[in-house]
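Below is one structure, written out as structure tokens; the observations come after it.
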Amino acid sequence: MNSPFANIFIALQSRIQDQVSTITYIDQDLGQLKNETRPAVTFPCLLIDFEDFNFEALADNVQTAEGTIILQLGFTPTGSSSSSTPIDYRETAISYYDIEWNLHKALQGWSPDDGFGYLTRKSTITQKRHSYLRVREIRYRIAFPDYSTKPTIQQTTATLNYQTQINH
């Protein structure tokens, strides 16, 4: 893949599958969790998107890119977490916090590849919904250089022909 976004996406999928096996579905965010009907995903799921990338020009048509990776972690609630619920059931009902925490530990300070910066968590929110879904949104910042439009320099090798004359 040539696109840095494609490479980050694939690296994220691989990292999360290796480090947080409790997340059963990882894909691009194409709006799967926006509808009130049950989406075609398995839970817990993680949807990945890129937002608000800014580019700054450097020399030789090189740019730096910096922006946000948005991770939507979706769950179906498993029960009540009220104080009147027995502790074992409450812990099951809020177990998504542990999944989120394990995800964070796998990603904070991690770099998708040598050419990229490290992920830094910037915010976490719970999306307010009327549906049966619980969605936690976690935002990470990343920066990387973009050399894709840097002109290539073609080098040629010059050959010198010379003759030596000796006069006697």
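A short reminder: the numbers here are calculations on the coordinates, not readings from a lab. The model shown is predicted, which means the values in this text are computed figures rather than measured ones. When we count neighbours, we look across all protein chains shown, and the Cβ atoms used for this are built from the backbone with ideal geometry, even at glycine.
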query = If we count chymotrypsin sites (Phe, Trp or Tyr not before Pro) as exposed when they sit in a DSSP loop and have at most 13 other beta carbons within 10 Å, what is the longest stretch of the chain that avoids them all?
reply = 1-131
request  = Evaluate the relative contact order of the chain (contact order divided by residue number), counting alpha-carbon pairs under 8 angstrom at least 6 apart; express in whole percent.
outcome  = 22
key: Packing-based exposure ordering (other Cβ within 10 Å, fewest first) of Thr24, Thr159, Thr126   = Thr159, Thr126, Thr24
note = When the charge dipole of segment 28-168 is computed with +1 at the Cβ of Lys and Arg and -1 at the Cβ of Asp and Glu, the Cα pointing farthest to the positive end, of Thr157, Gln108, Leu33, is that of Leu33
task = Return the FRET efficiency for the residue pair Asp60, Ile10: r is the Cβ-Cβ distance, R0 is 30 Å, and the value is rounded to the nearest 0.05.
result = 0.60
request  = Would you work out the charge dipole size for segment 18-168 about its Cα centre, treating the Cβ of every Lys and Arg as +1 and the Cβ of every Asp and Glu as -1, and quote it to the nearest 20 debye?
outcome  = 440
ask   = How about segment 17-105: which GluC sites (Glu not before Pro) there lie in a loop by DSSP and see at most 13 other Cβ atoms within 10 Å?
value = Glu36
note = Of the candidate values (i) 1.62; (ii) 1.15; (iii) 1.45, the one computed for Cα Rg over 2.2 N^0.38 Å from this structure is (i)
key: Virtual spin-label span in nm between Thr76 and Val41, 7 Å along Cα→Cβ   = 1.4
Lys/Arg +1, Asp/Glu -1 at C-beta; the chain dipole; positive extreme among Leu12, Leu73, Pro86 = Pro86
